[in-house]
Amino acid sequence: MIEFHLDGKSGLSPYQQLVQQVRHALRLGLLNEGDQLPKVKDVVASLAINPNTVLKAYRELEHEGLVAARPGVGTFVTKTLGGVSLAVLGPLRQDLRRWLSKARRAGLDEESIEALFLATFRTAAREDIA
């Protein structure tokens, strides 16, 4: 089961962060068809947010066809976004962890690591398109 977290510096509203975290979990194979999302009351208790925020996120995911609510039971994954196998993701994740350790040893803080990654990602994407 996914465990949500909120980042006040992300620039995204809390409901958008929840939606994004579910999408990422679906894409990475951490959530699969049939898995249950945390109950609204549990998310509210762990994150100290308004229940309507969680409901809005779950409604958006339902509208996208990714989850379905079963009244009185919970919200369940109906579709995944994964296209890459865990066998492929595992080594990439290890490489990325090594890179992150190297960046931290070089003195980069979290914001600097994120900025470097995004800038490099965008440059690489432009080069691949050209």
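The values are calculated or read from the model by the stated rules, or taken from the named source; none is laboratory data. These figures come from a predicted structure and were not determined experimentally. Neighbour counts are summed over all protein chains in view; Cβ atoms, including those assigned to glycine, are modelled from backbone coordinates with ideal geometry. Side chains included, ligands, DNA and RNA excluded: accessible areas come from the protein's heavy atoms. Shrake-Rupley method; radii C 1.70, N 1.55, O 1.52, S 1.80 Å.
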Where Ala68 falls short, out of the listed (1) touching a strand residue (DSSP E or B) at 6+ places or on another chain (Cβ under 7 Å); (2) open to solvent by less than 60 Å² (accessible area, probe 1.4 Å); (3) closer than 21 Å to Gln17 by Cβ: (3)
Of the listed residues (Ala69, Ala124, Ala103), the one being part of a strand (DSSP E or B) and over 19 Å from His24 (Cα atoms) is Ala69
Members of the stretch 52-95 found to be among the aliphatic types (A, V, I, L, M) and out of contact with any helix residue (DSSP H, G or I) (no Cβ under 9 Å at 6 or more places or on another chain), listed by number: Val73, Leu86, Ala87, Val88, Leu89, Leu92
Exactly one condition in (1) surrounded by 11 or more Cβ atoms within 10 Å (Cβ to Cβ); (2) not in a helix (DSSP H, G or I) is not met by Glu62; state its number. (2)
Any idea which residue in the stretch 1-18 is surrounded by the most Cβ atoms within 10 Å (Cβ to Cβ), counting only those that are under 18 Å from Glu62 (Cα atoms) and not polar (S, T, N, Q)? Leu18
Qualifying positions in the stretch 19-48 - surrounded by fewer than 18 Cβ atoms within 10 Å (Cβ to Cβ) and in a loop (DSSP other than H, G, I, E, B): Leu28, Gly29, Leu30, Asn32, Glu33, Gly34, Asp35, Lys39, Ala48
Take Leu18 and tell me if it is touching a Ser or Thr at 6+ places or on another chain (Cβ under 8 Å) and either of a type in the set (Phe, Trp, Tyr) or farther than 30 Å from Ala115 by Cα (or both). no
When you look at Pro51, is it surrounded by fewer than 15 Cβ atoms within 10 Å (Cβ to Cβ), without any contact (Cβ under 8 Å) to a residue 12 or more places away in the chain, of a type outside the set (A, V, I, L, M) and more than 22 Å from Gly8 (Cα to Cα), yes or no? no
Ala57 being part of a helix (DSSP H, G or I), open to solvent by less than 80 Å² (accessible area, probe 1.4 Å), touching a Phe, Trp or Tyr at 6+ places or on another chain (Cβ under 7 Å) and not polar (S, T, N, Q): yes
Under 6 Å between Cβ atoms, at least 6 apart or on separate chains: pull out the pairs that start in the stretch 74-95 with a residue that is farther than 11 Å from Arg27 by Cα and end on any residue that is basic (Lys, Arg) and in a loop (DSSP other than H, G, I, E, B). Gly74/Lys39
